[in-house]
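Here is the structure we will look at, set down as structure tokens.
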Amino acid sequence: MRAAADLCRRSLSSVLRRSCRLYCTDQSSRVKIFDRNLKRKQRDRAAWLMRPEDSLLDAVAENLLDRLEDCKKTFPTALCMGGSLEAIRRLLRGRGGIEKLIMMDTSYDMVKLCKQAEQSLPNKNVETSFIVADEEFLPVKESSLDLVISCLGLHWTNDLPGAMIQTRLALKPDGLFLAAILGGETLRELRIACTVAQMEREGGISPRLSPLAQVRDAGNLLTRAGFSLPGVDVDEYTVRYNSALELIEHLRTMGETNALFQRSKILNRDTALATAAVYESMFAAEDGTIPATFQVIFMTGWREHPSQQRAKRRGSATVSFNDIQKQFGGGS
């Protein structure tokens, strides 16, 4: 009996390993940029520090959800994973025709916070459930969702293409993927101030802020993950703070502090004070406040379906551009 149980266990492990290899890219097995366990702890802390309403998170969530109003179809079953869960839940307001909403996060405390908020102010006509899981290993059946939303969460995954491939597979044909991630121009003022202060005080630099995707990469990510009709657009939000310390505290309440594996775990006091001084001297406004830029990349993709628009076969055009130019371009 024990031998049979061991054989069954080994077979199950083999199946799980094969499924992991199916969804993850080769790069994810070799390179680990972010400490996912540390990021979970940071989000646990953020759940306790989070403001009832955050103007930045609310603005990004509202912008992302506005895209549902541009869709004629409805999305009965939706998954919202990581990032600004509570802002999405609170601002949904019946958009998308969602009937069942699954809220997912790696942080137990963040899921608990959302559950408590749902109990105190429930979404009418929406059946909401909550699970603790990782975006890199989605516990969702294939072709089971109509909509997947990720608002400011996926930029912390080690294998972003692999996570997006899993998301596509979890969607039903003609299912929609909506995501917002922080772009490479985010916190550019803080990056400059950190670099200058470290060069002055320590004679070199170490990674204090995480690397982020560039705008040109977003379309490639959607295409690589197999989404059809990919769409990418960018928005920048400038938030003003009274000091660099207030900015750092805001990043903590959002769960957006450094989670790099190769991070320096000790921040020299002199370097920290120099960073704040450089920040204020280079970027402070006349009223004494300092700006912080948050670049947000919005991505839209659909799982392939025969009803979707498709590009015509190359060479199938019946009118040449030269003819169009002659007819409408005149002599210019």
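The values are calculated or read from the model by the stated rules, or taken from the named source; none is laboratory data. It should be emphasised that the depicted structure is a prediction, and the values quoted were computed from it without experimental measurement. Cβ placement follows ideal geometry from the backbone for every residue including glycine, while neighbour counts extend to all protein chains displayed. These area figures cover heavy atoms from the full protein model, side chains too; ligands, DNA and RNA do not enter into them. Shrake-Rupley method; radii C 1.70, N 1.55, O 1.52, S 1.80 Å.
Numbers below:
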quantity: Residue check, Thr186 in contact (Cβ under 8 Å) with a residue 12 or more places away in the chain, touching an Asp or Glu at 6+ places or on another chain (Cβ under 7 Å) and either closer than 23 Å to Leu251 by Cα or not β-branched (Val, Ile, Thr) (or both); calculated: no
quantity: Hey, Gly82 at positive phi, outside any loop (DSSP other than H, G, I, E, B), in contact (Cβ under 8 Å) with a residue 12 or more places away in the chain and within 18 Å of the chain's Cα centre (by Cα) or not; calculated: yes
quantity: Tabulated pairs, region 230-249, first within 30 Å of Ala311 (Cβ to Cβ) and in contact (Cβ under 8 Å) with a residue 12 or more places away in the chain, second open to solvent by 70 Å² or more (accessible area, probe 1.4 Å) and among the aromatic types (Phe, Trp, Tyr), C-beta under 9 angstrom, 6+ apart or interchain; calculated: none
quantity: In region 288-332, the residues that are surrounded by fewer than 19 Cβ atoms within 10 Å (Cβ to Cβ), closer than 30 Å to Glu185 by Cα and under 23 Å from the mean Cα position of the chain (by Cα); calculated: Pro291, Thr293
quantity: Selection status of Asp70, open to solvent by 40 Å² or more (accessible area, probe 1.4 Å), out of contact with any helix residue (DSSP H, G or I) (no Cβ under 9 Å at 6 or more places or on another chain) and not β-branched (Val, Ile, Thr); calculated: yes
quantity: All positions within region 232-258 that are open to solvent by less than 60 Å² (accessible area, probe 1.4 Å) and part of a loop (DSSP other than H, G, I, E, B); calculated: Ser243, Gly255, Glu256, Thr257, Asn258
quantity: Residue match in region 271-283 (condition: more than 19 Å from Gln214 (Cα to Cα) and outside any helix (DSSP H, G or I)); calculated: no
quantity: Any hit, region 135-155, residues being open to solvent by 20 Å² or more (accessible area, probe 1.4 Å), in a loop (DSSP other than H, G, I, E, B), within 22 Å of Ile33 (Cβ to Cβ) and modelled with pLDDT under 95; calculated: yes
quantity: Members of region 103-129 that are of a type in the set (Val, Ile, Thr) and in contact (Cβ under 8 Å) with a residue 40 or more places away in the chain; calculated: Thr106
quantity: Flag for Leu145 being of a type in the set (A, V, I, L, M), under 15 Å from the mean Cα position of the chain (by Cα) and more than 23 Å from Thr253 (Cα to Cα); calculated: no
quantity: Residue satisfying all of: in region 92-111; modelled with pLDDT of 95 or more and in a helix (DSSP H, G or I); surrounded by the most Cβ atoms within 10 Å (Cβ to Cβ) among these; calculated: Met110
quantity: Residue check for Arg67: closer than 21 Å to Ile297 by Cα, touching a Cys at 6+ places or on another chain (Cβ under 7 Å), modelled with pLDDT of 90 or more and charged (D, E, K, R); calculated: no
quantity: Yes/no for Ser281 being open to solvent by 40 Å² or more (accessible area, probe 1.4 Å) and either within 28 Å of the chain's Cα centre (by Cα) or within 30 Å of Ala218 (Cβ to Cβ) (or both); calculated: no
quantity: Condition broken by Arg89, with the remaining ones in (1) in contact (Cβ under 8 Å) with a residue 60 or more places away in the chain; (2) open to solvent by less than 30 Å² (accessible area, probe 1.4 Å) satisfied; calculated: (1)
quantity: Residue check, Thr223 assigned to a helix (DSSP H, G or I) and open to solvent by 30 Å² or more (accessible area, probe 1.4 Å); calculated: yes
